[in-house]
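To keep things clear, I will list the structure first and then write my remarks on it.
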Amino acid sequence: MVNFRIVFGKSVFKSHFNMTEQYLSENLLIESSETTYILNHNNEKFILIGNLVGYRDINGIINSVNDLLQIIDIIKNPNRLDELEGRFVIFRISESSNVEIWTDNFGRLEVYYQFLDDTFILCSSLEFFQTNLTRYKLDNVGVAHSLTVYGSRPAKKHTLYSDVKRLGTYEGIKISNNNVEILNRDVKLRNAQNYDESKLHEYSDIFLEAIRSRASVNGNIVYLSSGWDSTSILAALVHLFGNKKTRCVIGRMQYSDRSGVINQFEIDRAISIARYFDVKLDIVEFDYRKNAEKVLIELKGLFKSQNFANMTGFNHWLLAEEIAKTSNGDEVVFAGEMSDGAHNLGFSQYATIFHPSSFDFREYSDKMLSYLHGPTFYNEVLKGSENIDPVWNLFKNLNRNVVIDDICKDKIDINKQFLSSFFLRSGRLPFFSIKNSNLLSSLGQKSYLDISEKCYLNNFAESLTEENLYATYLHLYNTFHWQGSTVSTIEYTADYHGFKCALPFHDKGLIDFLSSMPENWGRGLDLNNTKYPLKWMLKNKIDYPMHLQTGPHSYTYDVIPNFSLLGEILFASSFKPLLIDSLNNGNFINQLDKTFINMNYVDHLILEYTKGVELFSKEREDLGVLAMHSLIGLY
């Protein structure tokens with residue numbers, strides 16, 4: 001596990017955790033569980049902790065690094081850190097013990113910080129604060145975001161605790177002369193371009209390079225879901241290295257007796273695709289009909305230390321646990337996360353509008369929702385002509401039971417609404433109102449929005465244009481969904497179990513390409529598929545079984561739209577008694593601010609659940625997030 005801890009101030013003290021001293025002076029201690037690179041250069045010391053994939057040259061090739069001296073000019077200039085690929089933290093220490101700390105491009109290795117009396121502490125995990133956290137109140141904004149936005153984790157700069165913060169994306173910290181200062185790197189947002197056919201070849205080259213640079217000569221493992229993303233990684237690995245150094249693993253989901261295997265469509269397609277490429281496929285049992293307590297005990301420490309509270313992370317834990325048992329120790333695990341958001345703003349799951357007999361219609365429905373967050377509709381809103389847009393009227397009619405905010409008149413206010421409804425709401429529809437968030441009181445709704453928009457969105461709202469709209473979304477994804485409990489748990493569970501995890505769709509070169517990708521490449525009302533460049537590559541550049549990507553996508557809800565994975569966990573799995581106990585013991589619930597949270601609604605949900613009433617729709621979602629936070633608990 002990659003861990004570090006920094007103590008600055010009058011009370012420098014070593015921890016009782018299993019870390020090695022990397023630097024010590026009168027008022028500064030740096031210790032870590034491991035160090036990837038150390039360099040002494042011109043009376044300065046550079047320490048890099050984590051996984052450095054390499055640096056990208058002018059030709060787009062990612063070159064491995066054997067010594068920090070190879071990239072000294074890059075690591076000395078924070079605004080050049082986007083030339084590096086990896087998941088790491090860099091410490092730059094001067095001769096006088098001043099220190100700067102910067103993270104990788106996307107802040108994938110967390111830096112928590114806390115002022116404690118006359119001491120400033122930074123570390124990689126909340127567990128290294130645990131002797132102090134019990135005296136702090138919960139952070140209302142962190143709690144509100146974690147309870148109301150998909151991902152079940154506070155946004156990037158917040159935690160669940162009032163006096164512990166996190167470094168944001170593109171942020172650093174400078175410690176000098178008894179002073180602590182938050183630093184910022186330049187954010188360079190790209191404008192959308194008119195891509196021609198040559199760009200399809202460029203995308204293919206970038207994607208294959210993202211795979212090649214992260215792969216291991218000792219073997220590679222794919223978390224296979226049978227969808228376009230993970231299977232494209234499998235196809236690329238076989239294309240680059242052959243099938244002898246590649247294998248796959250998938251989970252078979254049995255959440256309850258009443259529903260059986262809920263991802264049989266996915267299992268069947270994964271088996272067929274593995275046979276096509278002649279690679280081994282291991283099936284891990286996600287059997288929550290029993291043994292929920294055992295799984296919870298094993299992962300609870302890690303999840304509590306990172307504010308993770310979503311069931312998806314449990315599945316990531318079980319996959320990582322299986323890999324740890326079967327891996328040779330030098331294999332790299334690949335996962336296809338972030339592709340949905342990066343290509344189509346998250347709308348590429350055939351789930352926007354259900355149709356029993358047409359997956360093409362369902363895919364186009366995804367594109368319509370993506371269109372509503374794109375530059376064409378954005379311009380209609382600026383002109384005040386959104387109400388004559390057929391797509392907008394269709395989705396408003398489909399969502400008559402939700403509150404839609406009135407659209408502001410000022411451009412910057414409209415920009416803020418566009419970004420706020422995308423990142424700070426439970427519903428994925430432009431102008432979806434915070435009033436739909438029943439878990440928050442009226443005061444809580446207003447305070448959460450005011451503070452979150454000021455902290456995360458206002459600066460971007462001032463500079464937002466139709467040209468940089470997509471780039472803004474993709475940059476802010478790192479502050480919100482991509483660091484949430486449904487995504488970040490992939491890397492953290494892998495790290496915990498001692499192996500490297502690669503997320504090639506989070507490659508900076510690929511994100512840059514998709515930040516500039518035009519609307520008519522599958523994001524709008526054009527006829528190009530969702531994930532257009534990826535699917536073009538699979539069809540035209542490498543061997544891929546296009547004929548196997550037919551039929552239901554993954555889960556039972558692909559054919560029974562009212563079916564809910566969360567419902568099976570809450571009401572029919574072995575987690576049910578644990579969830580009821582954790583809600584009723586109040587470890588989490590009793591700490592909630594009664595002026596910020598709608599406690600009457602919370603009490604109603606818990607009472608109904610305890611009585612055995614099965615809840616549906618929004619009540620089920622709200623109960624689920626309360627129950628998962630209660631299950632993981634607080635320090």
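None of the figures in this text is laboratory data; all of them are computed from the coordinates on show. What you see is a predicted model, and the numbers here were worked out from it, not measured in a lab. Every residue, glycine as well, gets a Cβ built from its backbone with ideal geometry; the counts of neighbours run over all protein chains shown.
Values for this structure:
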{"item": "Projected label distance in nm at N459 and F359, using a 7 Å step from Cα toward the beta-carbon", "result": "4.3"}
{"item": "For region 104-208, radius of gyration divided by Kirkwood radius, i.e. Rg to Rh on alpha-carbons", "result": "1.13"}
{"item": "Diffusion coefficient, µm² s⁻¹, Stokes-Einstein with Kirkwood Rh over alpha-carbon pairs of region 210-357 at 4 °C and 1.567 mPa s", "result": "77"}
{"item": "Sequence of E85, E26, E293, E331 once ranked by neighbouring C-beta atoms within 10 Å, starting from the fewest", "result": "E26, E293, E331, E85"}
{"item": "Spin-label proximity, I560 to region 233-260 - amide N less than 19 Å from point 7 Å beyond Cα toward beta carbon", "result": "252-260"}
{"item": "Label-point gap, in nm, between I407 and K137 - each point 7 angstrom along Cα→Cβ", "result": "3.9"}
{"item": "Shape metrics for region 1-95, restricted to C-alpha atoms - Rg then Dmax, Å", "result": "14.5, 49"}
{"item": "Length added when fully stretched, K383-K618, from 0.36 nm per residue minus Cα-Cα", "result": "81.2 nm"}
{"item": "For region 184-223: rounded, prolate or oblate by the Cα gyration tensor [a/c cutoff 1.5]", "result": "oblate"}
{"item": "Amide N proximity, region 354-369 versus T550 label position 7 Å along Cα-to-Cβ, cut-off under 18 Å", "result": "356-363"}
{"item": "Potential lengthening between N184 and N520 on full extension [0.36 nm per residue; Cα-Cα distance subtracted]", "result": "117.6 nm"}
{"item": "Relative counts (whole %) of C-alpha pair distances in region 434-491, using bins that are 5 Å wide", "result": "4, 16, 17, 19, 21, 16, 6, 0"}
{"item": "Inter-probe distance in nm under a simple model that places probes 7 Å from Cα toward Cβ, at L394 and N27", "result": "6.3"}
{"item": "Kirkwood Rh (inverse of mean 1/r, distinct Cα pairs), the chain, angstrom", "result": "25.4"}
{"item": "Exposure proxy ranking, count of Cβ atoms within 10 Å, fewest first, for Y113, Y544, Y635", "result": "Y635, Y113, Y544"}
{"item": "Neighbour-count ranking [beta-carbon atoms within 10 angstrom, fewest first] of Y350, Y150", "result": "Y150, Y350"}
{"item": "Bins of 10 Å, starting at 0 and running to the largest distance - Cα pair percent for region 565-632", "result": "22, 60, 17, 1"}
{"item": "Full-extension gain in nm, D73 to E321, via 0.36 nm per residue minus C-alpha separation", "result": "85.4 nm"}
{"item": "Measure of compaction for region 502-635 (Cα Rg per 2.2 N^0.38 Å)", "result": "1.54"}
{"item": "FRET E, pair S96, N18, Förster distance 22 Å, beta-carbon r, rounded to 0.05", "result": "0.15"}
{"item": "Region 297-417: radius of gyration over Cα atoms, expressed as a fraction of 2.2 N^0.38 Å", "result": "1.52"}
{"item": "Antiparallel DSSP beta bridges within the chain, as percent of all bridges there, nearest 5", "result": "75"}
